[in-house]
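Q: My structure is below; once you've seen it, I'll send some questions.
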Amino acid sequence: MNNDIFQGLLKSSNIFKNKEVLRPSYVPDILPHREKNIEELASILVPALKGETPSNVFIYGKTGTGKTAVTRYVGKQLSLKGSELNRTTYFIYINCEIVDTQYRVLQNIANHFMGDWGDRIPFTGWPTDEVYSKLVERIDNTGGVVVIVLDEVDKLKGDEVLYNLSRMNNDLEKARTSLIGISNDLKFTEFLDPRVKSSLGEENMIFSPYSADQLEDILGERAKQAFKDNAVGNSVIPLCSALAAQEHGDARRALDLLRVSAEIADRMGSNVIMEKHVRMAVNKIETDRVKEVIHTLPAQSKMVLKAAVIGNQIFDTPPNTGDIYNVYKQLCMRTGMDILTQRRIADLISELDMLGIITARIISKGRYGRTKEIQVATPIEKIEEILAEDDIIPRIPDIRELKLKIQSRLL
């Protein structure tokens, strides 16, 4: 047996030239169909190159509409121009999905300046007001303009950090700061403290979804850098673009589809990405997404999902909320889990519906009122396979036995 299992896998790719350009984190030199957005953001930030304070700006738009790419691109150009003009400008990017508390945000920003002004602030342990004071001191010592980007800003826990950052210029003497907030949630600022809202809401930018043609241009530009010559079949980029355009014009989805299609083709030993590889990639991405969503569900939601799966197997017609509740109760009794009220289970069913794992359609029964018919939107075998990895969820040895119990009203 050959112990060197990686040797055969290390051979150079038949398809890829540079896979990294297909990653969401990559900032390209060309951003097709976002020229106006780039110009608008640049015009908001240009005061930084004159030593003045740029307005704070909020950027909204659905996932994959280029918000982050445009912001990082303009930030990169701002830093380069600042160096060229000998103007002190800093551009600091923070993803609030990862750095989501006031302490962590302040600590993260302050540690960007630790090279010249002191030691690294620890991950935890200092009073928050001390971290803020240290941050103000370090920014002031730069004597320049610091642009702070908070991506996925709606993921922050509490809005104290936004309040403090938006009013930091009051505590600075020699330096200035500007905030850029990026969010998928158009209504995010509606829920902010009025004081924060008034400090932040100086400029707003909306990014509209890409059309299929625009996505095709984006993929075409990336493909030139990512793949070897003649490695992409003629129908592949239009197909990836069309599929992603159906999902709100999401460029990230389009890039993922193209990258996974190429990886599948490469593993199969093909020199060319073909339409069949894209179809396989669609299934793989969807399965991976569903798997991630189900794995992160709370235990009670998993139990409701299991009940929906069983309900779709044992009833002759699509089960309603009451049917699912009866199956759910039986599962809880088998595991010793607390039984929630039917109203709460109806809420959990709605949440699973929003996640796209099940569909809950309201059906009119005429004078008998309305009810919800619940069907599983993902292949049952896939869901069972994922739930089987969770020890809390019971195995049902005999579905027929459960069906007889429900039919004979023994629950």
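No value in this document is a laboratory result; all are computed from the given coordinates. Note that this is a predicted model, so its numbers are computed, not measured. Glycine gets a Cβ as well: all are built from the backbone with ideal geometry, and neighbour counts include every protein chain shown.
Q: Using only Cα atoms, tell me the angle between helix 321-335 and the longest principal axis of the chain; keep it within 0 to 90° and round to the nearest 10.
A: Helix 321-335 and the main axis of the chain meet at about 90 degrees.
Q: What is the gain in length, in nm to one decimal, between K224 and T359 on full extension, counting 0.36 nm per residue of separation less the C-alpha to C-alpha distance?
A: 44.6 nm
Q: Which distance in nm do the two modelled labels at N141 and S208 give, with both placed 7 Å along the Cα-to-Cβ direction?
A: 4.8
Q: Might you report the magnitude of the Cβ-based charge dipole of the stretch 34-207 about its Cα centre, with Lys and Arg at +1 and Asp and Glu at -1, to the nearest 20 debye?
A: 400
Q: For the chain, what does -39500 (n - 2.57) per DSSP helix run (n ≥ 4), summed and divided by total residues, give at 222 nm, in deg cm²/dmol to the nearest 500?
A: Using -39500 (n - 2.57) per qualifying helix, the result is -15000 deg cm²/dmol.
Q: Another question about this same structure. Could you state the angle between the C-alpha long axis of helix 299-314 and the longest principal axis of the C-alpha atoms of the chain, as a value from 0 to 90 degrees rounded to the nearest 10?
A: 40
Q: Right, another one. Tell me, what ³J(HN,Hα) does each residue in the stretch 61-75 have, in order and in whole Hz, if you take phi through Karplus 6.51 cos²θ - 1.76 cosθ + 1.60 with θ = phi - 60° and put x for Gly and Pro?
A: The phi angles translate into x, 5, 4, x, 9, x, 4, 5, 4, 5, 4, 5, 5, 5, x Hz.
Q: Roughly speaking, what is the centre-to-centre gap between the stretch 181-211 and the stretch 283-323 when only Cα atoms are used, to the nearest Å?
A: 34
Q: What nm value, rounded to one decimal, do you get for the distance between E389 and K76 when each label is placed 7 Å out toward the C-beta?
A: Here the modelled spin labels are 3.4 nm apart.
Q: Also, quick follow-up: If you add up the charges near K174, with Lys and Arg at +1 and Asp and Glu at -1, over every other residue whose beta carbon is less than 13 angstrom from its beta carbon, what do you get?
A: Counting the neighbours of K174, the net charge comes to -2.
Q: Here's something else I'd like to know. Quick one: angle between helix 212-226 and the longest Cα principal axis of the chain, in degrees between 0 and 90, rounded to 10, please.
A: Tilt of helix 212-226: around 70 degrees.
Q: Run the simple label-point estimate for E160 and K174 please: 7 Å along Cα→C-beta, distance reported in nm.
A: 3.0
Q: Please tell me which of these pairs span more than 18 angstrom C-alpha to C-alpha: K157/K302; K302/K382; K155/K197; K157/K187?
A: In this structure, K157/K302 lie more than 18 Å apart at Cα.
Q: Right, here's the next one. At most 13 other Cβ atoms within 10 Å plus a DSSP loop assignment makes a site exposed; report the longest stretch of the chain without any exposed chymotrypsin sites (Phe, Trp or Tyr not before Pro).
A: 124-411
Q: I've got another one for you. Who wins for biggest fluctuation among S13, S241, S261 in a Gaussian network model of the chain, springs between alpha carbons below 10 Å?
A: Answer for the Gaussian network model of the chain: S13.
Q: Based on the Cβ-Cβ distance of K19 and Q246, what FRET efficiency does E = 1/(1 + (r/R0)^6) give at R0 = 35 Å, to the nearest 0.05?
A: 0.90
Q: For the chain, give the share of DSSP beta bridges that are antiparallel, in percent and rounded to the nearest 5; count only bridges with both residues there.
A: Within the chain, antiparallel bridges account for around 25 percent of the total.
Q: Multiply the residue gap between S235 and E39 by 0.36 nm, knock off their C-alpha separation, and tell me the result in nm, one decimal place.
A: Result for the pair: 67.2 nm of gain on full extension.
Q: About its Cα centre, how strong a charge dipole does the stretch 211-294 have in debye, to the nearest 20, once Lys and Arg get +1 and Asp and Glu get -1 at the Cβ?
A: Value, rounded to 20: 280 debye.
Q: Another one. Normalising by the residue count of the stretch 95-187, find the relative contact order in percent from Cα pairs under 8 Å and 6+ residues apart.
A: In percent, rounded to a whole number, it is 36.
Q: So, one more: Which pairs, out of K62/K291; K19/K291; K67/K276, put more than 29 Å between their alpha-carbon atoms?
A: Beyond 29 Å: K67/K276.
Q: Which one of C240, I38, A299 is farthest out on the positive end of the charge dipole of the chain, using unit charges on Cβ (Lys, Arg +1; Asp, Glu -1) and the Cα centre as origin?
A: It is A299.
Q: To continue, here is another question. Positive end of the charge dipole of the stretch 151-224 (Lys, Arg +1 and Asp, Glu -1 on Cβ, about the Cα centre): tell me which of L200, N184, L172 has its Cα farthest that way.
A: L172
Q: Let's see if you can work this out: charge +1 on each Lys and Arg Cβ, -1 on each Asp and Glu Cβ, no other charges. What is the dipole magnitude of the chain about its Cα centre, in debye to the nearest 20?
A: 1060
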